[in-house]
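Just so it is clear, none of the values below were taken in a lab; they were calculated from the coordinates. Keep in mind that this is a model prediction, so the values were computed, not measured. All Cβ positions, glycine included, derive from the backbone under ideal geometry; neighbour counts span all protein chains shown.
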Amino acid sequence: MTTKLFGEPVQRREDPRLLTGQGRYLDDLGSGALAAAFVRSPHAHARIRDIDVSGALDVDGLVAIYTWEDLPPRVAEPLPLLIPHPALTHGRTAYPLARDTVRHVGEPVVMVVARDRYLAEDACALIRVDYEPLKPVVGVEEALVGAHRVHEDVPGNVGAHLVQEVPSARGRTAAEEIEAAPHSLSFRLDIERSASMPLEGRGVYARWDPDDRSLRVYSSTQTSTSVRMALAAKLGLPLPSVEVIAPDVGGGFGVKIVHPWPEEVLIPWAAMLLDREIKWTEDRREHFVSSAHERGQVQHVKVGFDDEGRVLGLDVTILHDHGAYTPYGIIVPIVTATQLLGPYKIGAYRVEFSSIYTNTVQVTPYRGAGRPQGVFCMERTMDRIAAYLGLDRTAVRAANFIQPEEFPYDQGMMFQDGRPLIYDSGNYPESLRMLKELIGWDSFEERRAAAAAEGRRIGIGIGCYVEGTGVGPYEGGHVQITSDGRVHVSTGLTSQGQGHETVFAQIAATELGVPIERVSVVTGDTRRFGYAVGTFASRAAVMSGNAIALACRKVREKALRIAADALEADPADLEIDDGIVHVAGTPTASIPLATVAVLANPLRYAFDEEARRATQFTGTAALDRPPVAEGQEPGLEGRDYYSPVRSTFASGMHAAIVETDPGTAEIKILRYAVVHDCGKLINPMIVEGQIHGGVAQGVGGALYERMVYDSHGQLLNASFMDFLMPYATEVPRIETAHLETPSPLNPLGIKGAGEAGVIPVPAVIASAIEDAEGIPITRMPISPSELHELRLRRPPG
Amino acid sequence: MPERTHDITLTVNGVVRHATVPARRLLSDCLRHDLGLTGTHVGCEHGVCGCCTVLLDGEPVRSCLTFAVTVSGHEITTVEGLAGPGGRMSPVQRAFAECHGLQCGFCTPGFLCTVTALLRENPAPTDAEVVEGLSGNLCRCTGYQNIVKSVHRAAELIAEES
Ligand code: FES
Ligand code: FES
């Protein structure tokens, strides 16, 4: 059978166009459009005294210059705070163009529109902005002191403060449990900033049609449907007059879920005003200083445990740096606080975070979205406990695992989707067993001794995580079979390289019994599907995958009903194979889906041979019934939505063997092993690819990537020359094994896989370096020079 | 005052093309915006990511670090020119598809040009030579493992088909 494609490593359907230069990314569109460029703040914190554009007015090809004062009221308002939360008592968002104060280097101040980008930048360079520099606030600890404020009306620079407390089974608080525990430890951890850093930056291209007063906007976004709604509201247009399309997108990893960006509002606004097509393509420096970063946290940990290493009480205080603005609310620290618990059941838990303003680029989710920090915290804690008790690190973890028979397991907290943190399924002991076998955990001491005999220093590390995936509220799918037998699938969420055109086609082909070659998939185009949330939180496969499966089932049911009529059979006896409906066991009694599609749409007009068969004098319908039965619709199509009660929880465990050079402190990853459980796999090749990419980003975060701000709030490494992303030379070969614990929550039994690879990597590498060196590793990333420093500071003996 | 422009002639993917460009026009912009060959991508415009790699007289170069006026009279191959006659994808392109060597596809044209030149120089590279050969191109999606696999597979395909 050719049509059961679910679970197969099907080659990607998007590849032929992307491999031949036929992809259509944002900057590939709109060849005749005007170009926009921005004057951005060179100061981390300053008041704008005056803007003098006169020097730019003679630039050849200049079309327009706009400052905040030129904007109409709705456009001029601060951008929306997308995810409010009661604990976010002092949420603040930016104006699309700075109004009177700039709060980070890179904040847009003036927009220039010109014939091309070169000329627009010429004009930008001639605009003089007079700034009165203010004291910048850099670093969470300095911010908390509160000597200077990022926002005048936010005392202490604290945007949000949240405490969550889960008592132990015997009703004690974390503090009480830690106090009463046989052993306790406390320590501090530091995680630096990194960023999504897709190779394609942001970009917007707008076309206003003055004749029918409609707006079409292309944006390199992770959520075209919500950009559309935001634009309709901001620009005062009826929703049906606005369409937003995410074309091919060159990576997102979280940063492109933020919306509407200043540029996303300003470009369409100017396109309408000037009645010209306008495009803005972000350059790399702009991406560094004006999009978003993530990760940066300071964590203070207190833990109480028993002789087996079981955690009796855990108390974590997190200082989270959210930069200058909070458009995405406090999702990142909430995710850290809740996902920190991982695969463990711990006694009592108290977590407190303060989300703090600094004069730096705003912080919004980057792949992992707060989880790498939480996992770093919990896994460093597990290693500390093991070291303290002299136990094997995997034994301490195993002692704390939730057991397979304990699912669904309620962690007693509220998750990032506002729903209870209840794990749906998993098998953590099995995962650990597989990982130990894959990496050779139990025979590592021999390997260490052999390396030591050669004068080499190696260490092994481990990290475990649980990832809430597939968060709601919903996604939808639309499936249409046309009279040529083709299947057209659409869903509203967007794609940035995850292979959705392939995996959704696999689902549709499997559900409908058609060859995958006949299925085409469109994502992120509001002309095709208007209701959607977006692509983030490893949710696309779970949400749209299930929605498309449900829509296919509706279409299948309809197809079988119509075919049963035509074949004078019982629908229950029908099967679909290779796009042909036939009576089970009687292949000759059959009708192609193409013909069923014809029959599904009674016609008056014949425009081709296929259509002739559905016209009123040739149809097969009974004359005592209306051509379209009551409660039915013409056409062979269906739409359905998937809206889960709560998230699914994928999980995994990684282990690494690293070598540290005794002389240079160079750190090399010798082996990297992954055991991954995302429920049922739709396409194992694509899931592996997601894991590889995630691990590579994790390696970047563990060893190389950081945003280096000086005390003036200048980002010192805002280029690929200085912000070190891993090349092929830095990423180890990744060995993977899959465990499939289906989710009981959705029809396909799947969990998300998009972020998994990145989550535990910094924890794993820290664990391995610590093992190699015997020095506590408390900061990420760690460079050779930092390791060298740690060695120098190691107490003698 | 309008900028001074220069008439240039390039052979791109075997076709003679003319353009009128200012001296500061980057080759990447000339290919993408003047000649409409948008397959060549731009990821940094400062010579680090390798997305903009094209073949200049057969050698890989960063088109974002090259002024279009400096290559007048030369031959350029972009991703659009890698496929064989009749549009059949080249062994390198097919290997990337087979081995899942791309995700978002933004870095891919640069990798394809780099690898095409690499395998021409060294038809049977070792693992270390492949990694070394790729070490000037960034990819944020794939973790490189499947790209390395694709290069080996391409080498096999080229050997089989020659
Ligand atoms: S765009 Fe040329 S190297 Fe990055
Ligand atoms: S495939 Fe996306 S950057 Fe390489």
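General remarks:
- Relative intensity, log₁₀ I(q)/I(0), of the stretch A:472-642 from a Debye sum that treats every alpha carbon as a point, q = 0.18 Å⁻¹: -1.07
- 10 Å Cβ shell holding at most 14 others, DSSP loop, trypsin sites (Lys or Arg not before Pro): longest site-free stretch of chain B: B:89-162
- By the rule of a C-alpha distance below 18 Å, with chain neighbours fewer than 8 residues away ignored, the lysines paired with residue A:680 are A:4, A:751.
- Given in Å, the Rg to one decimal and the Dmax to the nearest whole number for the Cα atoms of chain A are 28.4, 98.
- Per-residue mean of C-beta atoms belonging to partner chains within 10 Å, peptide A:726-736: 6
- For chain B, the Stokes-Einstein estimate of translational diffusion at 25 °C and a viscosity of 0.890 mPa s comes to 153 µm²/s, using the Kirkwood hydrodynamic radius over alpha-carbon pairs.
- Rg/Rh for the stretch A:687-773 stands at 1.10; both radii use Cα atoms, and Rh follows the Kirkwood definition.
- Under the combined filter of DSSP loop state and at most 14 neighbouring Cβ atoms within 10 Å, the stretch A:591-686 retains these chymotrypsin sites (Phe, Trp or Tyr not before Pro): A:605, A:607, A:617.
- Each residue in B:10, A:273, B:112 was given a count of other beta-carbon atoms within 10 angstrom of its own, and listing them fewest first yields A:273, B:10, B:112.
- Calculated from backbone phi, Karplus (6.51, -1.76, 1.60) coupling profile of the stretch B:88-104 in Hz, x at Gly/Pro: 5, 4, 5, x, 5, 4, 5, 5, 4, 5, 5, 9, 6, x, 8, 10, 6
- Across the options A:328, B:124, A:160, the greatest Cα extent toward the positive end of the charge dipole of the protein assembly as shown (unit charges at beta carbon of Lys, Arg, Asp, Glu) belongs to A:160.
- Near residue A:254, the amide H atoms lying under 5 Å from its own belong to A:367; only residues 5 or more places off or on other chains count, and H is placed 1.01 Å from N.
- Modelled FRET efficiency - R0 56 Å, residue B:23 with residue A:633, Cβ distances, 0.05 increments: 0.35
- One equal scatterer on each Cα of the stretch A:561-606, no solvent, Debye formula: the resulting log10 I(q)/I(0) at q = 0.30 Å⁻¹ is -1.11.
- Per the Cα gyration tensor, the stretch A:251-391 maps to an equivalent ellipsoid with semi-axes of 42, 13, 12 Å, ordered largest to smallest.
- FRET E, pair residue A:180, residue A:791, Förster distance 45 Å, beta-carbon r, rounded to 0.05: 0.75
- Its residues counted as N, the stretch A:23-130 yields a C-alpha radius of gyration over 2.2 N^0.38 Å of 1.23.
- A straight line joining the Cα centroids of the stretch A:621-681 and the stretch A:701-776 runs 20 Å.
- Computing FRET efficiency as 1/(1 + (r/R0)^6) for residue B:3 and residue A:577, where r is the C-beta to C-beta distance and R0 is 56 Å, gives about 0.30.
- Selection of trypsin sites (Lys or Arg not before Pro), the stretch A:80-181, meeting DSSP coil and at most 11 other Cβ within 10 Å: A:170
- Separation of the residue A:241 and residue A:588 label points, Cα + 7 Å toward Cβ, nm: 6.2
- Counting DSSP beta bridges with both ends in chain A, the antiparallel % (nearest 5): 75
- Ordered by the count of other Cβ atoms within 10 Å of each Cβ, fewest first, A:358, B:5, A:394 give B:5, A:394, A:358.
- The stretch A:156-248: translational diffusion in µm²/s, Stokes-Einstein, Kirkwood Rh over Cα pairs, 10 °C, 1.306 mPa s: 84
- Pair-distance distribution P(r) for the stretch A:721-770, from all Cα-Cα distances in 10 Å bins starting at 0: 16, 38, 28, 15, 3 percent.
- Only helices enter this figure: runs of n ≥ 4 DSSP H residues, each worth -39500 (n - 2.57), summed and divided by the residues of the protein assembly as shown, yield -8000 deg cm²/dmol at 222 nm to the nearest 500.
- All Cα pairs of the stretch B:85-161, percent lying beyond 21 Å: 16
- Dimensions in Å of the stretch A:502-571 - Rg and Dmax from alpha carbons: 14.4, 47
- The order of B:162, A:425, going from fewest to most other C-beta atoms within 10 Å of their C-beta, is B:162, A:425.
- Semi-axes of the equivalent ellipsoid for the stretch B:5-81, computed as √(5λ) from the eigenvalues of its C-alpha gyration tensor and ordered from largest down, come to 17, 14, 11 Å.
- Centroid-to-centroid separation of the stretch A:36-55 and the stretch A:359-431 [C-alpha atoms, Å]: 45
- The length gained on full extension between residue A:414 and residue A:392, counted as 0.36 nm times the residue separation minus their Cα-Cα distance, comes to 4.7 nm.
- Charge dipole (debye, nearest 20) of the protein assembly as shown; +1 at Cβ of Lys and Arg, -1 at Cβ of Asp and Glu: 760
- For the stretch B:145-161, 3J(HN,Hα) computed residue by residue from phi via the Karplus equation (6.51, -1.76, 1.60; θ = phi - 60°) reads 4, 6, 6, 4, 4, 4, 5, 4, 5, 4, 4, 4, 4, 4, 5, 4, 8 Hz, glycine and proline entered as x.
- Residues whose amide H comes within less than 5 Å of that of residue A:40, counting only those at least five positions distant or on another chain, are A:109 (H built at 1.01 Å from N in the peptide plane).
- Rg in Å to one decimal, and Dmax rounded to a whole Å, for the stretch A:325-443 via C-alpha atoms: 16.4, 50
- Remark: spin-label model distance residue B:126-residue A:135 equals 6.0 nm, labels positioned 7 Å along the Cα→Cβ axis.
- Whole-Hz Karplus values for the stretch A:302-309 come out as 10, 9, x, 8, 9, 5, 8, x Hz, taken residue by residue from phi with 6.51 cos²θ - 1.76 cosθ + 1.60 and θ = phi - 60°; glycine and proline positions read x.
- For the stretch A:636-683, the set of GluC sites (Glu not before Pro) satisfying both a DSSP loop assignment and a count of at most 16 other C-beta atoms within 10 Å is given as A:666.
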